[in-house]
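In what follows, a single structure is set out as C-alpha cells and then discussed.
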Amino acid sequence: MKITICGSIAFFDEMLEVKEKLEQLGHEVDLPPTEIIDENGRMISVKEYYRLRKEEHNSNDSWIWTRKKEAILNHFRKIKWADVVLVLNYEKNNIAGYIGGNTLIEMGLALWLKKKIFLLNEIPEIVYKEEILGMQPIVLNGDLRNLDI
C-alpha cells in the first residue's frame, strides 16, 4: 500500500520512526521533506525551517512563506500519489491528538480525492472537530497494525 504521512512538523522524528515501521511491513511511504532550501540556496533541516517559520510573523513576502507554499503543494502531490493518508496526531499545545490547520487541509484534499484517512490517535477536542468527524477518518488507537484498506 502507498501511504502518505501527514502531521505537524513538530512530530517529524515520530514520522521517521513510523515510516520505518510501515516500510518493514511492506508499505511504500512518503512524508514531508527532511530539508528545505533557505533564502541563500542552502539546504537546512525541516526542523530548523519549522523553528524559523514559527519566529516569522511580519512579512508576507518572506522566503519562509514561499517555501511554505511550495511545501503545501508538494505534499498535495504526495497525497494524490498515495492510496491512503495516515495522520500522526500526538499531543501538542496541550491538545491530545493535535491536528493543526495544515494537516486539516491535507485531510480535506484526501477526502476530495476519495482517499481513506487514518488517524493514529483519537480525534482531538478542537474547535474544528466537527469537520474532522465529517471526514470520517479511521482511528487506529495508536496501533499501526490496524492500518488496513
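Brief remarks follow.
- Filter result for Lys114 (of a type outside the set (Ser, Thr, Tyr), in contact (Cβ under 8 Å) with a residue 60 or more places away in the chain and closer than 18 Å to Leu147 by Cβ): no
- Candidates Glu70, Glu125, Glu130: the one that is within 15 Å of the chain's Cα centre (by Cα) and at negative phi is Glu70.
- For Ile5, the test of being touching a residue at least 24 places away in the same chain (Cβ under 8 Å), over 13 Å from the mean Cα position of the chain (by Cα), in a strand (DSSP E or B) and within 25 Å of Leu109 (Cα to Cα) is failed.
- The condition of being among the acidic types (Asp, Glu) and exposed (fewer than 13 other Cβ atoms within 10 Å of the Cβ) holds for only one of Glu17, Glu70, Glu28, that being Glu17.
- Just one residue in the set Ile36, Ile44 is crowded, with 19+ Cβ neighbours inside 10 Å and part of a strand (DSSP E or B); that residue is Ile36.
- Sole residue being more than 22 Å from Glu20 (Cβ to Cβ), modelled with pLDDT of 90 or more and surrounded by 12 or more Cβ atoms within 10 Å (Cβ to Cβ), chosen from Phe76, Phe118: Phe76
The values are calculated or read from the model by the stated rules, or taken from the named source; none is laboratory data. Remember, it's a predicted structure, so these values are computed and weren't measured experimentally. Note that we place each Cβ from the backbone using ideal geometry, even for glycine, and neighbour counts take in every protein chain shown.
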